[in-house]
Structure formats: C-alpha cells, structure tokens
Amino acid sequence: MPGVLRVPPLEELDVQEVAVSSSVLKAAAHHYGSQCDRPNKEFMLCRWEEKDPRRCLTEGRKVNQCAIDFFRSIRTHCAEPFTTYWTCIDYSNKQELRHCRKQQAAFDSCVLDKLGWVRPDLGDLSKVTKVKTDRPLPENAYHSRPRPEPNPPTEGELKPSALGSRLFFWSW
C-alpha cells in the first residue's frame, strides 16, 4: 500500500559489527577493496537504483559478512605483520602510508605467500566497472517524475515593462 512506511524489525537489522579503527581500515584498504569488490559494488548499485536503504539490507549483510571474513583471514594468517603495519600508520603523523613502507612490504608479502592475494596497483580499484547482478531492475530505476505539461500559449500581447528590467536594479 503506498504511503505506508514499513520499518524493518530489529532482528532484521542486527548484524555483527566490524569493530576496527581507522588505522586498521587504512592499512587493509587495498586488499579489502580487491577481495570484497563485488559485494560492495552490488550494494552501491542497489542503493543507487532503489533510493531506499531498507531495500538493500541483504546486500548490506553481504558486505558486512565479507568484511568480517576478510579480517578473520588476515588475523588467522598474517596477524603479526598486519599489526606492525597498522600500528605504524596509527603512530605516524596524519596516518600517512609513506612512513610505513617497510611494514607494508612485509604485510603484502605475507598476504601474497599465505593467502595468494596480490596488492592491486594504484588506481585499479577506482576504475569504472560494470556490475552483473541477479537483482531485478526496479520499475522506475531513475525515480523520474512524469514530464510536466508544456507552458500554455500566452494569451494577448506581451509588452515591455514600463519601469525597465528587474535584472538591472541600479539603472541610473
């Protein structure tokens, strides 16, 4: 029924949080971006097409589960080099990566050796890609309104204003 707002129940919204700091996210960003690329892009496509976050809860759960699985695998296989890397980022000025290249190299080699993940090249994750999804296209994907009626024809004769244009306020 249009006009009725359906609020999802609390059980539907309850998910395990990814409780990590900004330094941890920054240290893992490149590998996370390449490993969880598909769920993230499907979620963003759903948000853009639906314009209603309640309709994208399943895609959001997939993103959350991918992040949890990603950090669990990092903790299982490369905990020590990852911890030294994100700690270096945390203690560096303004969380800059350039101060922690040795720790980054150790973490990248550990991830490559134990998990087989290659660090993506600079700019690879920001390339435009097409997302193939199983979700049906919404009826009105662009949420466009019907076109307005054209202006009715003007009746009578239009005459210029006697006091001049409003565009030129200071006309002297």
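The values are calculated or read from the model by the stated rules, or taken from the named source; none is laboratory data. All of these numbers come straight from a predicted model, not from anything done at the bench. Every residue, glycine among them, receives a Cβ derived from its backbone with ideal geometry; neighbour counts consider all protein chains shown. The area values use the complete protein model at the heavy-atom level, side chains included, leaving out ligands, DNA and RNA. Shrake-Rupley method; radii C 1.70, N 1.55, O 1.52, S 1.80 Å.
Answer yes or no as to whether A67 is among the small types (G, A, S), modelled with pLDDT of 95 or more, under 24 Å from the mean Cα position of the chain (by Cα) and assigned to a helix (DSSP H, G or I). So A67 passes the test.
For the range 20-27, the criterion of being closer than 25 Å to G123 by Cα and among the charged types (D, E, K, R) is met by at least one residue. What about T87, is it modelled with pLDDT of 95 or more and either part of a helix (DSSP H, G or I) or of a type in the set (A, V, I, L, M) (or both)? So T87 fits the description; yes. Candidates in the range 61-100 are the residues that are small (G, A, S) and closer than 20 Å to L115 by Cα; of these, the one that is surrounded by the most Cβ atoms within 10 Å (Cβ to Cβ) is A67.
Candidates E59, E42, E80, E49: the one that is in a helix (DSSP H, G or I), touching a Ser or Thr at 6+ places or on another chain (Cβ under 8 Å) and among the charged types (D, E, K, R) is E42. The test for being acidic (D, E), open to solvent by 30 Å² or more (accessible area, probe 1.4 Å) and out of contact with any Gly (no Cβ under 7 Å at 6 or more places or on another chain) does not hold for D52. Looking across the range 31-49, not a single residue is open to solvent by less than 40 Å² (accessible area, probe 1.4 Å) and basic (K, R).
Among the residues of the range 101-119, the one identified as surrounded by fewer than 16 Cβ atoms within 10 Å (Cβ to Cβ) and under 24 Å from the mean Cα position of the chain (by Cα) is V118. For the range 1-17, the condition holds for no residue, the condition being that it is out of contact with any Cys (no Cβ under 9 Å at 6 or more places or on another chain), under 16 Å from C78 (Cβ atoms) and among the polar types (S, T, N, Q).
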